[in-house]
Number of protein chains: 2
Amino acid sequence: MNEPEFLAALRTLPLHPGARGLRDDAAVIGGFVLTTDTLVEGVHFLATDPAADVAWKLVAANLSDLAAKGAAVEGVMLNVPLSADDWDRGFLNGLRGVLAAFAVSLIGGDTVSLPVGAARVLSCTAIGRDAPAPSRTGARAGDALWVTGTIGDAGAGLAIAQGRAGPAALLAAYRRPQPRLAAGRVIAPHVRAMADVSDGLLIDAARIAAASGLAVAIDLGAVPLSAAYVRWRGEDRDDRLAAATAGDDYELLFAADPDWTPPPLPDALPVTRVGTLAAGAGLTLHHDGEPVPLPARIGWEHGAAV
Amino acid sequence: MNEPEFLAALRTLPLHPGARGLRDDAAVIGGFVLTTDTLVEGVHFLATDPAADVAWKLVAANLSDLAAKGAAVEGVMLNVPLSADDWDRGFLNGLRGVLAAFAVSLIGGDTVSLPVGAARVLSCTAIGRDAPAPSRTGARAGDALWVTGTIGDAGAGLAIAQGRAGPAALLAAYRRPQPRLAAGRVIAPHVRAMADVSDGLLIDAARIAAASGLAVAIDLGAVPLSAAYVRWRGEDRDDRLAAATAGDDYELLFAADPDWTPPPLPDALPVTRVGTLAAGAGLTLHHDGEPVPLPARIGWEHGAAV
């Protein structure tokens, strides 16, 4: 089954009232926000990625889901395999780093053995609190679509991790994503819908639109690119499409009233208007005022090829 | 690293006050109890185990940790791989069964793709509430050690799943464990320490004793065996040692005041006094009044061979 089919089947099971119909990245229960994500070696990270970076990404990806709810972090639980000593030590070092960087404490978890040669599979459950907890469903026709930071750096970093030449800053964007927790706290009370960009700007924008029963139009020319990305690859239409269909950005993508102006964000994080939601359905792209055909793949969808 | 080494390293990280020093099977946060367990194909279940039974065991093992806290179940989150269609359908059927059997709702989760041929790894996080939440640490010298149900049936069922002849009831004990949620609600307010028997009666008893700073003596002759187990294997000393060192029983093991008498349990679940806690340290066994040497392996410990 692919992911949408499996999710549809899960939705026929008894769901908790806080599960939001399994249509959101987090559940809301008794003042807490809960989210969980799994990383698989060979799927979400490379066997050659340093263990410390895998630990960072595992926790950061989950904190990013809390950021999209505007939550304060309560802590994380981890499900991790025991491995070779040097891998385990690297993992623990990366874990120490990411917990310190975002002032997160460890709540619990489970450690397991894996069969020899098995792909490493790691899960994290992050618990937040005090969250406005916007979902994907609240956008209205006419809302503006905004995104924090820059897009495409992690996708470039993945190519670099796979052997292409490129700067350390782009590689770091892939291996050490920065969950936008502080920005999420500022933004969340003002938005109508929000999610983090984990599978690609276009697919995550299309999901917000679909969940809200709307269409979305993205201006490729407005997609914020970093100076490092532009130097590495360029800023033409194809460069922008590549950025907007790569995953792992972990920026915040949100819909807000068209008259709303974003406040200054912590650490001077940029925030850019990249599109508009409208009545209807589907995703459309334009660039320099011209329509752009949708690429065959607009982002990552697990199990799509199964 | 083995599991104790890895856990010792995790304890040097910033821990949540509700994490109980990572020395318990559950954390307690704001009125909720959280626990998480991972099952690995080839380690915790066999590649030949039906997918429906894997789903059952995944959820039941986590509910068992809630039972040991005396918690009411709030719901579960799942991290599961997408697989072949028939495996996924079997998994969903088993999931529907276990959720219905214990009146549990689904809170959320994550689905992932696995590389071709990779061992399946599945995690569940269970959330409970209203829990007395006894830990392993509260036993006192002189306390009696009790266990619910019967011991060794799941270990026998594992041998049957691996090809030995044996009755369906023992196989079912391995594949469809019954978390003692209702009994846990009744017992928890009266105990000094409690845990579920997941890795084996002897090792789990030794862990309660060690966490409480005590020694524990187990009377092998008192270990409750099912009629099916006795017919299948016998009830001599070696049969009792085999039962007490097998895992996956998911019964409740608890320490209580020596003068305490257990109340009738839901579904007439038996409860048996199997040992005594005392000042000192370590695990000792006896049978028919004679000391019994400790076997080389007293239960399951993940990563012990790494």
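For the pair residue A:72/residue A:301, report the inter-label distance in nm, with labels modelled 7 Å from Cα in the Cβ direction.
Placing both labels 7 Å along Cα→Cβ, they lie 3.9 nm apart.
Under 16 Å from a point placed 7 Å out from the Cα of residue B:235 along the Cα-to-Cβ direction: which residues of the range B:131-150 have their backbone N that close?
Once the point is set 7 Å along Cα→Cβ of residue B:235, B:149-150 turn out to lie under 16 Å by backbone N, inside the range B:131-150.
Just name one of A:117, A:22, A:6: the one whose Cα is farthest towards the positive end of the charge dipole of the range A:3-129 (beta-carbon charges, Lys/Arg +1, Asp/Glu -1).
Most positive-ward Cα: A:22.
At 0.36 nm per residue, and after removing the present C-alpha to C-alpha distance, how many nm does the segment from residue B:84 to residue B:222 gain when stretched out fully? Present the calculation step by step, with values, prior to reporting the outcome.
Values: separation 138, 0.36 × 138 = 49.68 nm, distance 4.55 nm.
Additional length available on full extension: 45.1 nm.
Placing +1 at every Lys and Arg Cβ and -1 at every Asp and Glu Cβ, with all other atoms neutral, what dipole size does the range B:3-129 have around its Cα centre, in debye to the nearest 20? Display every interim value, and only then the final one.
On the way: 9 positive and 14 negative charges, 83 e Å.
In total the dipole reaches around 400 debye.
Points 7 angstrom from Cα along the Cβ direction at residue B:105 and residue A:13: gap in nanometres?
In this crude label model, residue B:105 to residue A:13 measures out at 1.4 nm.
Which residues does a label at residue B:141 reach in the range B:172-207, if reach means a backbone N under 15 Å from a point 7 Å past the Cα toward the Cβ?
Under 15 Å, as judged by backbone N against the label point of residue B:141, lies no residue of the range B:172-207.
Could you work out which residue, out of A:210, A:26, A:243, moves most in a Gaussian network model of chain A, that is, has the largest mean-square fluctuation with Cα springs under 10 Å?
A:210
Let me confirm one metric for peptide B:79-86, namely the mean number of other chain beta-carbon atoms within 10 Å of its residues' beta-carbons.
Working: counts 9, 3, 7, 9, 4, 2, 5, 1.
Other-chain Cβ atoms within 10 Å of each residue's Cβ, averaged: 5.
Taking a temperature of 37 °C and a viscosity of 0.692 mPa s, what whole-number D in µm²/s does Stokes-Einstein yield for the protein assembly as shown with Rh from Kirkwood over alpha carbon pairs?
The Stokes-Einstein estimate is 129 µm²/s.
P(r) for chain A: what percent of alpha-carbon pairs falls in each 10 Å bin, starting at zero?
6, 27, 37, 24, 6, 0
Would you mind checking which residues have amide H under 5 Å from residue B:120's amide H? H placed 1.01 Å from N; only 5 or more apart, or other chain.
B:41
Please identify every one of the GluC sites (Glu not before Pro) in the range A:217-306 that sits in a loop by DSSP and has no more than 11 other beta carbons within 10 Å of its own beta carbon. Let's see the in-between values first.
Values: sites: A:235, A:251, A:301; in loops: A:235, A:251, A:301.
Here no GluC sites (Glu not before Pro) fit, given the DSSP loop and packing criteria.
In nm, one decimal, shortest first: how far is the label point of residue A:93 (7 Å from Cα along Cα to beta carbon) from the matching points in the other copies?
Result for residue A:93, in nm, nearest copy first: 4.9.
For chain B, what is the charge dipole size about the Cα centre, in debye to the nearest 20, if Lys and Arg each add +1 at the Cβ and Asp and Glu each add -1 at the Cβ? Intermediate results must be reported in sequence, preceding the final value.
Numbers: 24 positive and 34 negative charges, 69 e Å.
My answer is approximately 340 debye.
Between the range A:190-237 and the range A:149-166, how many Å separate their Cα centres?
Between the Cα centres of the range A:190-237 and the range A:149-166 lies a distance of 17 Å.
For the modelled label position 7 Å from the Cα of residue B:257 along Cα-to-Cβ, which residues of the range B:170-186 have backbone nitrogen atoms closer than 19 Å?
B:186
Could you let me know the centre-to-centre spacing of the range A:23-62 and the range B:251-304, using Cα atoms, in angstrom?
Centre-to-centre (Cα) distance: 39 Å.
Could you tell me the largest-minus-smallest coordinate of the C-alpha atoms of the range A:144-292 on each of the three principal axes, in descending order and whole angstroms?
The Cα atoms of the range A:144-292 stretch 43, 35, 23 Å along the principal axes, largest first.
HN-Hα J couplings of the range B:252-263 from phi, Karplus 6.51/-1.76/1.60, θ = phi - 60°, integer Hz, Gly and Pro as x?
My calculation for the range B:252-263 gives 9, 10, 8, 9, 9, 3, x, 8, 6, 10, x, x Hz in order.
Summing -39500 (n - 2.57) over the DSSP H runs of n ≥ 4 in the protein assembly as shown and dividing by its residue number, what mean residue ellipticity at 222 nm do you reach, to the nearest 500 deg cm²/dmol?
Numbers: 18 runs with 184 residues, N = 612.
Calculated mean residue ellipticity at 222 nm is -9000 deg cm²/dmol.
Considering only the other residues whose Cβ falls under 11 Å of the Cβ of residue A:154, what net charge follows from Lys and Arg at +1 and Asp and Glu at -1? Write out the running numbers ahead of the final one.
On the way: positive: A:57, A:175, A:176; negative: A:153, A:248, A:249, A:251.
Value of the local net charge: -1.
List the residues, sorted by chain then number, that are 5 or more residues from residue A:284 or on another chain and whose placed amide H is less than 5 Å from its amide H.
For residue A:284, whose amide H was placed from the backbone, the distant partners under 5 Å are A:216, A:217, A:218.
Can you give the average number of partner chain beta-carbon atoms within 10 Å of each beta-carbon in peptide B:250-262, as a whole number? Can you show the working numbers first?
On the way: counts 0, 0, 0, 0, 0, 0, 0, 0, 0, 0, 0, 0, 0.
Average neighbour count from other chains, rounded to a whole number: 0.
In the range B:186-238, how does Rg compare with the Kirkwood Rh, expressed as the Rg/Rh ratio over alpha carbon atoms?
Working: Rg = 13.6 Å, Rh = 13.1 Å.
Computed over Cα atoms, the ratio is 1.04.
To the nearest whole number, what is the average tally of beta carbon atoms from other chains within 10 Å of the beta carbons of peptide B:40-51? Intermediate values should be presented prior to the final figure.
On the way: counts 7, 3, 5, 6, 2, 0, 0, 1, 0, 0, 0, 0.
Averaged over the peptide's residues, the number is 2.
Which of the chymotrypsin sites (Phe, Trp or Tyr not before Pro) across the range A:224-306 are loop residues per DSSP, with 16 or fewer other Cβ within 10 Å? Please list the in-between numbers first.
Working: sites: A:229, A:232, A:250, A:254, A:260, A:300; in loops: A:250, A:260, A:300.
Answer in residue order: A:260.
Between Rg and the Kirkwood Rh of the range A:21-97, both from Cα atoms, what is the Rg to Rh ratio?
Values: Rg = 13.9 Å, Rh = 13.6 Å.
Over the Cα atoms of the range A:21-97, Rg/Rh equals 1.02.
Rule-based calculations on the coordinates, nothing more; no lab input. Here the structure is a predicted model, which means the values were calculated and not measured. Reconstructed Cβ throughout: ideal geometry from the backbone, glycine too, with neighbour counts over all protein chains shown.
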